[in-house]
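Novice: Got a structure for you, questions after.
The values are calculated or read from the model by the stated rules, or taken from the named source; none is laboratory data. Please read all numbers here as calculations on a predicted model, not as lab measurements. Because the Cβ atoms are built from the backbone with ideal geometry, glycine has one as well, and the counts that use them run over all protein chains shown.
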Amino acid sequence: MPRANRKIRAARISVATATGLAAIKLVTGLATGSMAILSSAIDSLLDIFMSGVNLLAITKAEKPADKAHPFGHGKYETLATLIQSSIIAISGLVIIGESLRRLYVGSELRGLEGGIFILAFSILASWLISRYLLRVAKETDSSALRADSLHFSMDVYTNGGLLLGLVLIRLFDLPWLDPVLSIAIACYILFEAARLVRHGLRDVLDEELPESIRAEVTRLIRAHGDLHLDFHNLRTRRAGSQKIMDFHLTLCRHLSVHEAHRIADHLEKRIEEEIPGADVTIHIEPCLIEDCDHEFDTCPHREKVLPLIDNFSR
């Protein structure tokens, strides 16, 4: 299945899962009066919104470049990540406020057995969908799906904490523990929101790609050392799933424009084949060795490169 279709399908499954979990948690939270369960329900309601934003952003990001967006639409995924982090942070602050109020005035809990069962089910469902989204995110290098996977992974830990708390409340009659757990969940939510903001800002500020990717690009260029004399000024950045990069390639000045173009085109295609999502631009520079006295037809580098060029697909 094409990469774009896998991303869109994963986003749709995420929306459906978030909708189901939010519905059962909201009903259970209202029935039991547990702020902890209601906090988890609010988090799942936000997951619906954020998964929907992801679906729209991924659909838009996968559209090809056009006249108004010559570098493509990849940063729609970055925008979705920043929107999600903002909503997550707001939800965390709201939960803290309501939890502090309940801690002060008190609250009545009832029917916690149903809440315990629902939380156990939510843990399993969240773990399964988070693993699926993370796998697709790695395969497609989608920052939006990675953020979505993080939401559901976060739900596994928060719901696990809530489950333990509800069991303790049920066994030892500790109603104050409910808002305390909610505050702990909210603090964790704020922490994860800060991580998402940091990740999104890297793309907005055109931060260099990870060193592992830059090293792979360098390896691929050097693997084609027979075709060029030197390379320099390697620059990289990210736009959603796109990895945009450019560099200068020094070629023998006796090569024709056509020959130089075919070398650059071949190298661009090889890098894009090896690094999914790569968008490569090469600036060609002529060799400027002052003491080079070779004539057009006798340059040893040109004579070595020409047979290799003939092997390129036309």
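Novice: Which one of 236, 218, 250 is exposed (fewer than 15 other Cβ atoms within 10 Å of the Cβ), assigned by TED's automatic domain parsing to the domain that holds residue 306 and not aliphatic (A, V, I, L, M)?
Specialist: 218
Novice: Separate question: Looking at 141, 173, 155, can you tell me which residue is over 21 Å from residue 90 (Cβ atoms), of a type in the set (Asp, Glu) and within 26 Å of the chain's Cα centre (by Cα)? Before the answer, list the steps.
Specialist: Values: 173 fails: within 26 Å of the chain's Cα centre (by Cα); 155 fails: over 21 Å from residue 90 (Cβ atoms).
Result of the check over 141, 173, 155: 141.
Novice: Restricting the search to segment 279-314, which residues are at pLDDT 90 or above and either more than 40 Å from the chain's Cα centre (by Cα) or within 17 Å of residue 218 (Cβ to Cβ) (or both)?
Specialist: If the condition is that a residue be at pLDDT 90 or above and either more than 40 Å from the chain's Cα centre (by Cα) or within 17 Å of residue 218 (Cβ to Cβ) (or both), then 280, 281, 282, 283 are the ones that fit.
Novice: Using the structure shown, decide if residue 216 is over 30 Å from residue 103 (Cβ atoms) and in contact with a Ser or Thr (Cβ under 8 Å, 6 or more places away or on another chain). I'd like the intermediate steps shown before the answer.
Specialist: Working: over 30 Å from residue 103 (Cβ atoms): yes; in contact with a Ser or Thr (Cβ under 8 Å, 6 or more places away or on another chain): no.
Judged against the criteria, residue 216 is not a match.
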